[in-house]
Amino acid sequence: MKLVTYIREKESKPRLGFIKDNHVIDLNEASNGELPSNMLSFIEGGNEFLNTAKELLNKNLKTVTYSLSEIALKAPLLNPPALKDFFAFEEHAKAGARRRNEEIPKEWYEIPAYYKGNHREIYGSGEEIPWPFYTRKLDFECEIACVIGKKGKNIPLDDAQNYVFGYMIFNDFSARDIQKKEMALRMGPAKGKDFANAFGPYLVTSDEVNPQKDFSLKVMVNGETWSEGHFKDQYWGFPLMVHYVSQEETMYPGDILGSGTFHKGCGLDLDRWIKPGDKIELEVPKLGTLRNTVGYPKEQRELNFKKKEESQKEKLRIKN
């Protein structure tokens with residue numbers, strides 16, 4: 001199923017739905033209240049809720065069906081309990097080592113390393129990403145994220161895939177100049193990462209996709225293709241990530257694991273940098289297209305506002 005979190009016109013409360021024939025069907029209404037109205041509660045309900053939802057796929061549900069023009073999509077999962085982002089692509093790791101005039105550490109091949117991200121600054125497809133006032137080098141990272149479906153600890157590797165509820169596109173935004181300073185101190189990343197994580201447009205359940213076959217990746221900026229790759233090129237797969245994270249640590253429904261970006265799936269690898277106002281599109285045909293526009297730094301926003309005010313005053317002067 002393609003699950004979404006959305007907001008209807010003239011409403012502010014996010015709701016849970018699924019995509020069918022380019023329309024959104026409200027799961028809470030379609031099930032007469034049997035299913036919850038938010039994604040995290042739905043995931044926590046496990047197979048019972050998922051099977052109930054699947055039974056609705058072939059029913060006539062016109063009274064609880066909304067066209068995409070009537071709604072605004074949000075990030076599929078607005079309140080994940082945790083976010084951990086990995087470093088799973090070998091060529092991306094090698095490219096980073098070359099930039100530092102180093103060899104890739106042997107430890108990279110021994111453990112699937114990750115950092116703990118900010119699970120509160122969450123953005124969805126179509127939303128503007130703020131440009132942090134403290135950076136001059138904002139970057140994107142094209143990734144796949146998996147969402148955990150059930151509670152577990154010390155999960156065996158051969159059972160780890162059964163803990164994956166579904167997948168979505170992840171744009172891991174980075175303030176590269178700040179991140180570089182943090183990593184030089186063997187700390188972080190923190191302020192280099194914590195300001196924005198974008199997910200969406202859908203959360204596709206794991207029974208409908210195969211990461212090794214289905215996840216081709218494309219990055220477009222202002223309509224121009226900047227790079228392409230495939231998830232099958234990753235060194236560490238999601239089952240091993242789940243197994244590793246769960247070692248002496250409890251994982252919970254809704255926890256998010258990011259794959260890290262593929263080689264040239266970010267501006268740093270390409271030595272090509274986004275600018276304020278740019279439109280970034282990350283496309284994975286089986287998962288949709290995640291679209292975000294980059295905002296302006298604080299001083300530029302103030303300048304734009306001042307110019308707009310002056311323009312309005314000039315129009316009034318001419319009119320009068």
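Do we have any residue at all in the stretch 117-124 that's crowded, with 16+ Cβ neighbours inside 10 Å, farther than 29 Å from Met187 by Cα, touching a residue at least 24 places away in the same chain (Cβ under 8 Å) and out of contact with any Pro (no Cβ under 8 Å at 6 or more places or on another chain)?
Checked against the condition, which is being crowded, with 16+ Cβ neighbours inside 10 Å, farther than 29 Å from Met187 by Cα, touching a residue at least 24 places away in the same chain (Cβ under 8 Å) and out of contact with any Pro (no Cβ under 8 Å at 6 or more places or on another chain), the stretch 117-124 yields no hits at all.
If I filter the stretch 126-176 down to residues being within 20 Å of the chain's Cα centre (by Cα) and hydroxyl-bearing (Ser, Thr, Tyr), which single residue comes out as surrounded by the most Cβ atoms within 10 Å (Cβ to Cβ)?
Only one residue fits best here, namely Tyr167.
If Ser246 satisfies every condition in (1) small (Gly, Ala, Ser); (2) under 18 Å from the mean Cα position of the chain (by Cα); (3) closer than 27 Å to Thr5 by Cβ but one, which is the exception?
(2)
What are the residues in the stretch 226-249 that are in a loop (DSSP other than H, G, I, E, B), within 15 Å of Ala82 (Cα to Cα) and out of contact with any Gly (no Cβ under 7 Å at 6 or more places or on another chain), if any?
Once the filter is applied, which keeps residues that are in a loop (DSSP other than H, G, I, E, B), within 15 Å of Ala82 (Cα to Cα) and out of contact with any Gly (no Cβ under 7 Å at 6 or more places or on another chain), the stretch 226-249 yields only Glu249.
Which one is surrounded by the fewest Cβ atoms within 10 Å (Cβ to Cβ) among residues in the stretch 177-191 that are touching a strand residue (DSSP E or B) at 6+ places or on another chain (Cβ under 9 Å) and under 19 Å from Ala88 (Cα atoms)?
Gly188
Could you figure out which of (1) more than 30 Å from Met241 (Cβ to Cβ); (2) modelled with pLDDT of 95 or more isn't true of Glu48?
Answer for Glu48: the failing condition is (1).
Can you spot a residue in the stretch 56-65 that is at pLDDT 95 or above and either part of a strand (DSSP E or B) or among the aliphatic types (A, V, I, L, M) (or both)?
No: the stretch 56-65 contains no residue that is at pLDDT 95 or above and either part of a strand (DSSP E or B) or among the aliphatic types (A, V, I, L, M) (or both).
Taking the condition of a type in the set (S, T, N, Q) and at pLDDT 95 or above, does Asn101 pass?
Considered against the rule, which asks whether it is of a type in the set (S, T, N, Q) and at pLDDT 95 or above, Asn101 comes out as no.
Only one of these conditions is not met by Gly33: (1) out of contact with any helix residue (DSSP H, G or I) (no Cβ under 8 Å at 6 or more places or on another chain); (2) closer than 24 Å to Met168 by Cβ; (3) modelled with pLDDT of 95 or more; (4) not assigned by TED's automatic domain parsing to the domain that holds Thr250. Which number is it?
(2)
What tally of residues in the stretch 14-30 results from selecting those that are at pLDDT below 95 and either part of a loop (DSSP other than H, G, I, E, B) or among the polar types (S, T, N, Q) (or both)?
Of the residues in that region, 2 qualify.
To keep it simple, each residue is scored yes or no on (1) buried (at least 20 other Cβ atoms within 10 Å of the Cβ); (2) out of contact with any strand residue (DSSP E or B) (no Cβ under 7 Å at 6 or more places or on another chain); (3) among the aromatic types (Phe, Trp, Tyr).
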{"site": "Val4", "(1), (2), (3)": "yes, no, no"}
{"site": "Glu29", "(1), (2), (3)": "no, yes, no"}
{"site": "Leu35", "(1), (2), (3)": "yes, yes, no"}
{"site": "Ser41", "(1), (2), (3)": "no, yes, no"}
{"site": "Val64", "(1), (2), (3)": "no, no, no"}
{"site": "Ser69", "(1), (2), (3)": "no, yes, no"}
{"site": "Phe89", "(1), (2), (3)": "yes, yes, yes"}
{"site": "Arg100", "(1), (2), (3)": "no, yes, no"}
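The values are calculated or read from the model by the stated rules, or taken from the named source; none is laboratory data. Because the structure is predicted, anything quoted here is derived from the model rather than measured. In this analysis, Cβ positions are derived from the backbone assuming ideal geometry, glycine residues included, and neighbour counts consider all displayed protein chains.
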